Amino acid sequence: MAEAKKLYIKTYGCQMNVYDSERMAEAMGGAGYVETQSPDDADMILLNTCHIREKAAEKVYSELGRFRGLKEARPDLKIGVAGCVAQAEGEEIMRRQPMVDLVVGPQSYHRLPELEAKARAGTKALDTDFPLEDKFDALKNRPKAKRGPTAFLTVQEGCDKFCAFCVVPYTRGAEVSRPATRVLDEARDLVERGVREITLLGQNVNAYHGEGPDGKDWSLARLIWALNDIDGLERIRFTTSHPNDMDDDLIAAHGECEKLMPYLHLPVQSGSDRILKRMNRSHTAESYLRLIERIRAARPDILMSGDFIVGFPEETEADFQATLDLIEEVQYGYAFSFKYSPRPGTPAAERSMVDEAEASERLQRLQALITRQQRAVQDSMVGRRVKVLFEKPGRLPGQMVGKSDYLHAVHVAESDAQPGELSEVEIIESGANSLAGRPVQGLS
Ligand code: SAH
Ligand code: SF4
Ligand code: F3S
């Protein structure tokens, strides 16, 4: 048997890219590749890229520069660019970086083995199609290897919302939901391989409407209830949601579905209605706040998380203040915030920018507020008993780390817990980025 070739994949961007990288490794597994953790001994390097902000996209070019030496030393090494930058700028990458052998978009990566063969035969290969066939279904040769306790599972792809700042509808294409049967099969397979917690993924995951086994359209809530029945699966999460797609059933599921975790990432982007309108978000600050009220009525202890863009074109100090007011009202447990980055081809990129220094200063103020809130929510866990799904040993000898239901990282000293074990822990301390706990057994 020929010796396996080695594939090094580096992943940028969102969780959907993490999922896609696993699928790409599987596709290449069928072509005789095994994954390696280092580019130095790789026969093929694949960068799975993100186009969401300028900084993210630029990383591709600097990273490629770092591989130049390797490529010169070993001309046989094949270099590929995948993901959202590949989709948006594939031809430009080929032009600017002659060392790139292949480019593949996020919807056509099941064709990677053919592209690799073409590249190996000496012809550069580019595929940024949006093919009709199902890329997930095309990857049937999944290895039965054991998995860690947590996994991502993409159920919905693409976006039809066209927020004025965002590249996703262009790089990922139109919204498509996978049939529920396929999702359930994949979930059962993951559980058989050791997975205890599944995070359902989609750019607008709560807009999911895949065909159910009964031939009818299933909502995300319906899908979650079906996953709830899988023995051995302990936890269900989903991300990312859009405020306009939180239907009553999904809100109710947060109160009633035992395995659905009390954590919800619900980006709002801004607290100013004027800016939300210019962003084409089709919700208001008020409708978002009322929605959170309803979610908290169903599940009072839910931990809310969000995304914010500061310095969107024409954002005034008053608009920004409205965002701070909204944050004060919600009390987030986590939040991700970004300075607006103009993206080629999006409507907002044509508009006049907020002064750079002003935008940076606003980002700092917003992040200070968010950090205080995150810390307060985390500190409020001290003294409480939470369930922790243990994932791996920690940095200190005997230490185990995992995540609470609320997605806080928790570490326990001198633990005999095994990865995949779900047990009750009492929180004893709140640190900068994690909580310390001790096992509940033996406590009086
Ligand atoms: N589908 C999700 C998020 C997609 S992108 C949603 O609708 O919320 C993840 C986050 O990146 C967004 O929520 C937004 O806060 C941020 N983002 C997207 N485009 C951006 C841009 N051009 N500049 C700065 N931040 C951006
Ligand atoms: Fe981008 Fe808006 Fe779609 Fe989210 S909903 S992926 S921010 S266009
Ligand atoms: Fe980035 Fe594409 Fe995800 S642009 S955030 S990798 S969908």
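The values are calculated or read from the model by the stated rules, or taken from the named source; none is laboratory data. Every value quoted in this text rests on a predicted model; they were computed, and no experiment measured them. Cβ atoms come from the backbone with ideal geometry, glycine included; neighbour counts cover every protein chain shown. With ligands, DNA and RNA removed, areas are computed over all heavy atoms of the protein, side chains included. Shrake-Rupley method; radii C 1.70, N 1.55, O 1.52, S 1.80 Å.
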Fill in: Segments classed as strands (runs of 3 or more DSSP E), wholly inside the stretch 367-444, with at least 3 members that are under 24 Å from HIS254 (Cβ atoms)
385-393, 400-404, 422-430
Response to the item:
Note on LEU227: of the conditions (1) closer than 20 Å to ARG182 by Cα; (2) free of Cβ contacts under 8 Å to residues at least 60 places away in the same chain; (3) open to solvent by 10 Å² or more (accessible area, probe 1.4 Å), unmet is (3)
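Output the residues belonging to the stretch 327-357 that are part of a helix (DSSP H, G or I) and surrounded by 14 or more Cβ atoms within 10 Å (Cβ to Cβ).
Correct list: ILE327, VAL330, PRO347, ALA348, ALA349.
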Item to complete: Scan the stretch 263-280 for residues that are open to solvent by less than 10 Å² (accessible area, probe 1.4 Å) and not small (Gly, Ala, Ser) and report the count.
Response: 7
Discussion item. Taking the conditions exactly as written (within 16 Å of ligand 1 (Cβ to nearest atom), farther than 18 Å from TYR334 by Cα, at pLDDT 95 or above and buried (at least 21 other Cβ atoms within 10 Å of the Cβ)), does SER287 satisfy them or not?
Written reply: no
Discussion item. I'd like to check something: does the stretch 165-174 contain any residue that is over 21 Å from ASP307 (Cα atoms) and either within 14 Å of ligand 1 (Cβ to nearest atom) or not hydroxyl-bearing (Ser, Thr, Tyr) (or both)?
Written reply: yes
Practice prompt. Would you point out the residue of the stretch 1-47, among those that are over 16 Å from LEU102 (Cβ atoms), open to solvent by less than 20 Å² (accessible area, probe 1.4 Å) and not polar (S, T, N, Q), that is nearest to ligand 1 (Cβ to nearest atom)?
Written response: MET16
Fill in: The lone exception for GLN156 - which of (1) within 16 Å of ligand 2 (Cβ to nearest atom); (2) in the same structural domain as ARG68 (by TED's automatic domain parsing) it fails
(2)
Discussion item. Regarding the stretch 134-146, can at least one residue be identified that is open to solvent by 50 Å² or more (accessible area, probe 1.4 Å) and among the polar types (S, T, N, Q)?
Written reply: yes
Worksheet entry | Answer from GLN156, GLN203 - the residue that is in contact with a Cys (Cβ under 7 Å, 6 or more places away or on another chain) and either away from ligand 1 (no atom under 11 Å from the Cβ) or open to solvent by less than 50 Å² (accessible area, probe 1.4 Å) (or both) | GLN203
Worksheet entry | Tally of residues being under 17 Å from ARG147 (Cα atoms) and within 16 Å of ligand 2 (Cβ to nearest atom) across the stretch 16-31 | 2
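Yes or no, residue by residue, for (1) under 21 Å from the mean Cα position of the chain (by Cα); (2) basic (Lys, Arg):
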site: HIS242; (1), (2): yes, no
site: ASP247; (1), (2): no, no
site: HIS254; (1), (2): yes, no
site: ARG274; (1), (2): no, yes
site: ARG281; (1), (2): yes, yes
site: ALA285; (1), (2): no, no
Worksheet item: Does the stretch 159-190 hold any residues that are open to solvent by less than 20 Å² (accessible area, probe 1.4 Å), hydrophobic (A, V, I, L, M, F, W, C) and farther than 20 Å from ALA57 by Cα, and which are they?
Response: ALA180, VAL183, LEU184, ALA187, LEU190
Worksheet, complete the sentence: By residue number, the members of the stretch 315-352 that are out of contact with any Lys or Arg (no Cβ under 6 Å at 6 or more places or on another chain), closer than 13 Å to ILE275 by Cα and not charged (D, E, K, R) are THR316, ALA318, GLN321, ALA322, THR323, TYR340, ALA348
Discussion item. Under 8 Å between Cβ atoms, which residue pairs at least 6 apart in sequence (or on different chains) link something in the stretch 162-179 that is touching a residue at least 40 places away in the same chain (Cβ under 8 Å) and on the phi > 0 side of the Ramachandran plot with a partner that is away from ligand 1 (no atom under 11 Å from the Cβ) and open to solvent by less than 40 Å² (accessible area, probe 1.4 Å)?
Written reply: GLY173/GLN107; GLY173/GLU157
